[in-house]
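Below is one structure, written out as structure tokens; the observations come after it.
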Amino acid sequence: MAERPETHESPLGTILGWGFLAVFALGFGWYVGAPLILGERWSDKQNDAIELVKNLKPTGTETLYDMIRGYSLRAKDKGLYVGEFNWNAIQRDGAEYEVNLLWTEGSERKVAVWRVNLKTKEIRPQGDQASGLPQRIAAPPEPKS
């Protein structure tokens, strides 16, 4: 039987192959994991989003929450029915939340919606109910005929 000549293969190919695989795995992990980690940081912050809207000072002096409470008391004094104000928030994308205010005036149900960015503290009213709410509740309630 003839002997085979001994060959020496360079380990460079193996090192480069495993190195490339390791770099690819780290890059892929970062690409997939980073949005999950950042999204996790902003989850369960509904109360923070609601508080940001409640503490908004549209007239420069009173908070929106105080204005709503005052409006409710003035309406009660005039014999108008203004139902309970319910706040809720839904996370949309990362630091973006949608804050909803639901209430009843007489037999009408009302909804005001704001988009809130917790990272930048930006509050954007969505629609006429949210944008006109501060002016409407600053004025005395008028009885419906």
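The values are calculated or read from the model by the stated rules, or taken from the named source; none is laboratory data. In this text the structure is predicted, and so the values were computed from the model without any measurement. In this analysis, Cβ positions are derived from the backbone assuming ideal geometry, glycine residues included, and neighbour counts consider all displayed protein chains. Just the protein is used for accessible areas: all its heavy atoms, side chains included, with ligands, DNA and RNA removed. Shrake-Rupley method; radii C 1.70, N 1.55, O 1.52, S 1.80 Å.
Return the only residue of Lys76, Lys110, Lys119 being in a loop (DSSP other than H, G, I, E, B) and on the phi < 0 side of the Ramachandran plot. Of the residues listed, the single one that is in a loop (DSSP other than H, G, I, E, B) and on the phi < 0 side of the Ramachandran plot is Lys119. Look at (1) at pLDDT 95 or above; (2) touching a Pro at 6+ places or on another chain (Cβ under 6 Å); (3) of a type in the set (Gly, Ala, Ser) and you find that Ala75 fails only one, number (1). Scanning the stretch 77-103 for residues that are open to solvent by 30 Å² or more (accessible area, probe 1.4 Å) and within 17 Å of Leu64 (Cα to Cα) turns up Glu84, Phe85, Asn86, Trp87, Asn88, Glu98, Leu102. Being assigned to a helix (DSSP H, G or I) and either surrounded by 10 or more Cβ atoms within 10 Å (Cβ to Cβ) or under 19 Å from the mean Cα position of the chain (by Cα) (or both) is a condition met by at least one residue of the stretch 3-14. If you filter the stretch 112-123 down to residues that are free of Cβ contacts under 8 Å to residues at least 40 places away in the same chain and open to solvent by 70 Å² or more (accessible area, probe 1.4 Å), you find that the one that is nearest to Val53 (Cα to Cα) is Glu122.
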